[in-house]
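The values are calculated or read from the model by the stated rules, or taken from the named source; none is laboratory data. Since we're looking at a predicted model, the values are computed, not measured. Glycine also receives a Cβ, built like all others from the backbone with ideal geometry; neighbour counts cover every protein chain displayed.
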Amino acid sequence: MKEAISNAMIFNLIIIFVVVLIMLFIGSLSYSKAFKVKNRIVEEIEKDEDYTENTVQDINNWISSEGVGYRLKSTTVSHNCPSQDDGVLVSDGTGSNPYDYCVYEYNTCNRHSDTYKCGKYYRVIAYMYFDFPIIGDLIRIPVRGETVTFNAVDTSSDLGHVVPNS
């Protein structure tokens, strides 16, 4: 009888180990998708140096045509983009953007009174998803990224000359 209990214990440990490995694999795939989408959004914004309707169309076309597997905005559960300090929400998955990512615009001249360079930049939030039955829409983990500062103006002198993007 002692051997039967030991075998059951080892079998349970193996099952737990396999389940943990599968969860890590699913998590890494989901993170990879969200990271790829976030990076592509940042690249498109930096290419146009602004977040325009053309940028939204390019991003949405890429997501739908590349087969990234990124999710459309959920119709069953209402997820809103979180509020950000000093950021203006410019895209929240409504209108012409059916995918679930958020884009915020920041004006660096308004953030700090002693700012060396004034300009604007964008912060992007894409989400990791886990397709579990029933609770799948409830689990959303953000992946954040930022663009470079555009139209940077040097405020350290009275000249206010434009500083090239680095």
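For the stretch 4-15, the count of residues that are among the aliphatic types (A, V, I, L, M), surrounded by 15 or more Cβ atoms within 10 Å (Cβ to Cβ) and at pLDDT 85 or above is zero. Scanning the stretch 88-108 for residues that are out of contact with any Asp or Glu (no Cβ under 7 Å at 6 or more places or on another chain), modelled with pLDDT of 75 or more and either of a type in the set (A, V, I, L, M) or farther than 16 Å from residue 143 by Cβ (or both) yields 89, 103, 105, 107, 108. Out of 53, 44, one residue alone is more than 24 Å from residue 139 (Cα to Cα) and either surrounded by 14 or more Cβ atoms within 10 Å (Cβ to Cβ) or touching a helix residue (DSSP H, G or I) at 6+ places or on another chain (Cβ under 8 Å) (or both). It is 44.
Select from the stretch 12-55 the residues that are of a type in the set (S, T, N, Q), in a helix (DSSP H, G or I) and within 21 Å of residue 89 (Cβ to Cβ) and list them in ascending order. Those that are of a type in the set (S, T, N, Q), in a helix (DSSP H, G or I) and within 21 Å of residue 89 (Cβ to Cβ): 39, 54, 55. Would you check which residues across the stretch 109-141 are farther than 16 Å from residue 31 by Cα and modelled with pLDDT of 80 or more and list them? Within the stretch 109-141, 119, 120, 121, 122, 123 meet the criteria.
Residues in the stretch 1-47 that are in contact with a Ser or Thr (Cβ under 6 Å, 6 or more places away or on another chain) and either closer than 14 Å to residue 101 by Cβ or free of Cβ contacts under 8 Å to residues at least 24 places away in the same chain (or both): 42, 44, 45. Restricted to the stretch 56-85, and to residues there that are in a helix (DSSP H, G or I) and surrounded by fewer than 13 Cβ atoms within 10 Å (Cβ to Cβ), the residue that is modelled with the lowest pLDDT is 66. The lone criterion from (1) at pLDDT 85 or above; (2) closer than 19 Å to residue 106 by Cβ left unmet by residue 35 is number (2).
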